[in-house]
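**Student:** Got a structure for you, questions after.
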Amino acid sequence: MYFNAIILPAAGALISTIRRRAYHTIVNSSWLAEKLANSNEKNLRILHASREGCQDYAEKHIPKSVCFDLKRSQNQNSAYNFMLPESDFFSKYVGNELGIAADDHLVVYDSGTNAPSLELAARVWFTFRYFGHKSVSVLNGGLLNWMKEQNPVTTDQPEVEKRHYTCREQRRLVVTYEEILKNLDEEDQQIIDCRAPNLFRGDTAMSGLSGHIPGAINVPLMRLVDPDSKLILDKDKLISIFEKAGSVICSCNSGIQACGILLILSILGKKDMQLYDGSWTEWSQRADPDNVEVD
């Protein structure tokens, strides 16, 4: 099934909600440039979201940023790549290696190495939210838009001072394979699959079986970001897509792109939403073929 208009509260209510929350969840390049120039911003931490290895960070990054390596921070005991880490590992990684404390305001930006210049930053945003970090923002347009607006980049890497970080897991934000199976029978929640249409239809297989979870709706993340500016579509367009209320589970291939949908729903004031972290990587390897649909 493909989207026309789905899942959010009435448009009138959303507009006021967007105005209240957009400052915190999404920030723009001019806002960040001003904050960087202000020496009083002691608790501001900027994170460069990198898929693996931080090579893109070494080549260029926003001044004063540190690199958050998604591969480095993944769950080391999971059979699947990029799963949410265990809390003990995460607290040591962000505290000791990145110098982050729980009361810092984090601004995460996408490196631009993965279209649509949102998914990596959104994954980092969601990970911190999962571990109870209250103040996390995403830079709209990521590094590509930052440079397009003539803001500086550097190869200098700031010194990191080790800090104590305490995790407070929000397990309600994530659903398991077993909970998805249960939902197939009860149909309490709508599953949004944000992979490319060819993957959703089953034309192409990336792992295991091809197709999608029964009853899922395809809302490709790439269609929610302007291909030229790399900015998230304006709120009126987003409202027109997500205009009906409902409880949502977001899925993709490995739990990364789905966080982009969760970020956008959060901007629009949506609260009743969860991530299927295993996503298609897990489903395609564990599900019975009868629980896979192709179009």
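Where a number appears in this text, it was derived from the coordinates with a stated rule and is not lab data. Predicted model, so just to flag it, every value in this text is computed and none were measured. A quick note on method: Cβ atoms are made from the backbone with ideal geometry, for glycine too, and the neighbour counts reach across all protein chains shown.
**Student:** In a Debye calculation with equal point scatterers on the alpha-carbon sites of region 171-291 and no solvent, what is log10 I(q)/I(0) at q = 0.10 Å⁻¹?
**Tutor:** -0.29
**Student:** In which sequence would Met222, Met273 go, from the one with the fewest C-beta neighbours within 10 Å to the one with the most? Write down the numbers at each step before the final one.
**Tutor:** Details: Met222 16, Met273 20.
By the 10 Å Cβ count, ascending: Met222, Met273.
**Student:** Fewest Cβ neighbours within 10 Å first, please rank Arg172, Arg223 accordingly.
**Tutor:** Arg172, Arg223
**Student:** Moving to a separate point now. Among 82-92, 124-134, how do they line up from the highest to the lowest mean number of other beta-carbon atoms within 10 Å?
**Tutor:** The peptides rank, most packed first, as 124-134, 82-92.
**Student:** Now for a separate question. Restricting to Cα pairs below 8 Å that are 6+ residues apart, what does the relative contact order work out to for the chain? Please round to a whole percent.
**Tutor:** Values: 605 pairs, mean separation 75.2, N = 295.
The value is 26 percent.
**Student:** Have a look at Glu97, Glu52, Glu178 and tell me which one the Gaussian network model of the chain (Cα, springs below 10 Å) gives the largest fluctuation.
**Tutor:** Its mean-square fluctuation being the largest, the pick is Glu178.
**Student:** Using helices alone, what [θ] at 222 nm do you get for the chain, with -39,500 (n - 2.57) per DSSP H run of 4 or more residues, divided over all residues and rounded to the nearest 500? Don't skip to the answer; put the middle values down first.
**Tutor:** Numbers: 11 runs with 95 residues, N = 295.
Using -39500 (n - 2.57) per qualifying helix, the result is -9000 deg cm²/dmol.
**Student:** Greater than 18 Å separation of Cα atoms is the criterion. Which listed pairs, Lys148/Lys235; Lys134/Lys235; Lys42/Lys230; Lys182/Lys271; Lys64/Lys162; Lys71/Lys92, meet it?
**Tutor:** Lys148/Lys235; Lys134/Lys235; Lys42/Lys230; Lys182/Lys271
**Student:** A follow-up question, please. Can you tell me the orientation of helix 257-267 relative to the chain, as the angle in degrees between its alpha-carbon axis and the longest Cα principal axis, to the nearest 10?
**Tutor:** 70
**Student:** Another question, then. Hey, how many Å between the Cα centroid of region 37-90 and the Cα centroid of region 146-205?
**Tutor:** Comparing the Cα centres of region 37-90 and region 146-205, I get a distance of 14 Å.
**Student:** Out of all DSSP beta bridges in region 171-291, what portion is antiparallel? Express it as a percent rounded to 5.
**Tutor:** In region 171-291, DSSP labels about 10 percent of beta bridges as antiparallel.
**Student:** Principal axes first, then extents: for the Cα atoms of region 117-216, list largest minus smallest coordinate on each axis, whole Å, largest first.
**Tutor:** Largest first, region 117-216 extends 51, 35, 23 Å along its Cα principal axes.
**Student:** Another one. Compute the acute angle (0 to 90°) between the alpha-carbon long axis of helix 11-25 and the principal axis of greatest extent of the alpha-carbon atoms of the chain; round to the nearest 10°.
**Tutor:** It is inclined by approximately 40 degrees.
**Student:** Using only Cα atoms, tell me the angle between helix 119-130 and the longest principal axis of the chain; keep it within 0 to 90° and round to the nearest 10.
**Tutor:** Approximately 90 degrees, to the nearest 10.
**Student:** Same structure, new question: Please flag any cysteine in the chain that has no other cysteine's Cβ under 4.7 angstrom from its own Cβ.
**Tutor:** If one checks each Cβ against the other cysteines of the chain, Cys167, Cys194, Cys250, Cys252, Cys259 turn up with nothing under 4.7 Å.
**Student:** Taking every DSSP beta bridge with both residues inside the chain, roughly what % is antiparallel (nearest 5)?
**Tutor:** Of those bridges, close to 10 percent are antiparallel.
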